[in-house]
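Since the structure comes first, as structure tokens, the remarks are kept for the end.
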Amino acid sequence: LLQTEVLLPSAPPSGYELQSMGYQTSAGLENQPWVQLTFGDGVDTAFFLFEDTAVTPVGNAGPQHQYGDVGDVVRAYSFGSWTMIEGKVHGRNVLAVGKVQEYELLLMLQSAVE
């Protein structure tokens with residue numbers, strides 16, 4: 001059960017549609033839960049993940065992260081045909097990965113946080 005605002009991209013990569021949504025704990029630092037959205041075009045898959053800041057991991061007495069007024073920062077990486085955008089937007093860690101152009105992942109990220 002989600003306890004945070006869902007960041008749903010309104011502009012996924014061209015031809016991609018939302019296929020599923022779930023939790024991913026291994027993607028977050030120190031087992032912080034992340035929400036994973038999976039998009040597909042019938043052949044390839046793209047992923048958009050964001051930190052579930054409303055959930056406190058088991059074993060911790062308080063929030064996992066404290067955010068101040070820090071500017072948004074994103075970085076882009078390429079691994080063969082895969083592109084990854086990761087960073088922090090509006091105080092929340094985000095990650096977008098897929099076999100698509102960098103600008104499409106950036107647009108997907110931007111459409112989710114606006």
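Things worth noting here:
- Local electrostatic count at Val74 - Lys and Arg +1, Asp and Glu -1, tallied over other residues with Cβ under 10 Å: 0
- Local charge for Arg92 was computed over the other residues whose Cβ lies under 11 Å away, with Lys and Arg +1 and Asp and Glu -1, and equals -3.
- Peptides 12-20, 77-85, 44-52 ranked from most to least packed by the mean count of surrounding Cβ atoms within 10 Å: 44-52, 12-20, 77-85.
- Ranked by solvent-accessible area (1.4 Å probe, protein heavy atoms only, all chains present), the residues Arg75, Arg92 order from largest to smallest as Arg75, Arg92.
- Other residues whose C-beta falls under 15 angstrom from the C-beta of Asp41 contribute a net charge of -2, scoring Lys and Arg +1 and Asp and Glu -1.
The values are calculated or read from the model by the stated rules, or taken from the named source; none is laboratory data. No experiment lies behind these values; they were computed from the predicted model shown. Here the Cβ is made from the backbone with ideal geometry for all residues, glycine too, and neighbour counts use every protein chain on show. What goes into the accessible areas is simple: the full protein's heavy atoms, side chains included, and nothing from ligands, DNA or RNA. Shrake-Rupley method; radii C 1.70, N 1.55, O 1.52, S 1.80 Å.
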